[in-house]
Structures are given as structure tokens and as C-alpha cells.
Amino acid sequence: MNNDDDNLDVTAKLAFDLNLALYLDLVAVLEKAGVVTYRQMAARVLNIGMDAADDGDLPLSTALEGIAKGFAGHGDGLSIGLMKAARDVRNDEALGDIPMRPDEG
């Protein structure tokens, strides 16, 4: 049997691209199951992207904002501009953000 695994060059970019593809597939499955909406994912990804911009990682921020725009375009989500303006306001139902897990107590 021929082993072609030796020719596979696993780079950081390839790992990132594969992780992103799996993540997007997972979101699609969760949305179809009614667990999460595209609007919620748009808000979550946008928040992560804005944090990346605050940290000075503009290429990652730009990529995540593009993903957020894609999620927002799938349904009746809020505009990206409105989600950006509401970044520091926590109202999960109104803003479509995923609620944080409660502290174990």
C-alpha cells in the first residue's frame, strides 16, 4: 500500500483553514437543529473579531468580520454596524449574542 502522508505539509495556515471549515460546518448543523441562529453566531464572531482588532491583529479582525457578515446575511440578523455599536451592551435576546455559561456554584 502506498503511503502519501509523508508528502503532506501541515502548515499553520492549513490547520487554521481546516479548523475554520469545520467550525462553519458545525455552525450550519447547529442552526439547522435550532440550537443557535446565524444571527447569534454573527454577533459572537464579530465580538471576537473586534477583540482581535483591539489587540492589533487587523488581518484576523478583517477575516472574522467577513465571516460575521456572512452569518448575518443568512437570516433576519442585525446589521454589522448595529452589532458593532452594541458591542458592550449585554442583552442576549435583543442583540442575538450567545449567552455566557453560568458560573458553577
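The values are calculated or read from the model by the stated rules, or taken from the named source; none is laboratory data. Keep in mind the model is a prediction, meaning the values are calculated, not measured. Using ideal geometry, Cβ is built from the backbone for each residue, glycine included, and neighbour counts are taken over all protein chains shown. Protein only, heavy atoms only, side chains kept; ligands, DNA and RNA dropped before computing areas. Shrake-Rupley method; radii C 1.70, N 1.55, O 1.52, S 1.80 Å.
Close Cβ contacts (under 9 Å, 6 or more residues apart or on different chains) running from residues in segment 22-44 that are over 28 Å from Ala85 (Cβ atoms) and at pLDDT below 80 to residues that are assigned to a helix (DSSP H, G or I) and hydroxyl-bearing (Ser, Thr, Tyr) are absent. Scanning segment 45-61 for residues that are touching a residue at least 12 places away in the same chain (Cβ under 8 Å) and not aliphatic (A, V, I, L, M) turns up Asn47, Gly49, Ser61.
Do we find that Val45 is open to solvent by 60 Å² or more (accessible area, probe 1.4 Å) and hydrophobic (A, V, I, L, M, F, W, C) in this structure? Against the criterion (open to solvent by 60 Å² or more (accessible area, probe 1.4 Å) and hydrophobic (A, V, I, L, M, F, W, C)), Val45 does not qualify. Please find, among Lys84, Lys69, the residue that is free of Cβ contacts under 8 Å to residues at least 60 places away in the same chain, within 22 Å of Ala28 (Cα to Cα) and either in contact with a strand residue (DSSP E or B) (Cβ under 6 Å, 6 or more places away or on another chain) or open to solvent by 50 Å² or more (accessible area, probe 1.4 Å) (or both). Just a single option satisfies the conditions, and that option is Lys69.
Of the residues making up segment 6-23, just one is open to solvent by 60 Å² or more (accessible area, probe 1.4 Å) and closer than 14 Å to Gly70 by Cβ, namely Tyr23.
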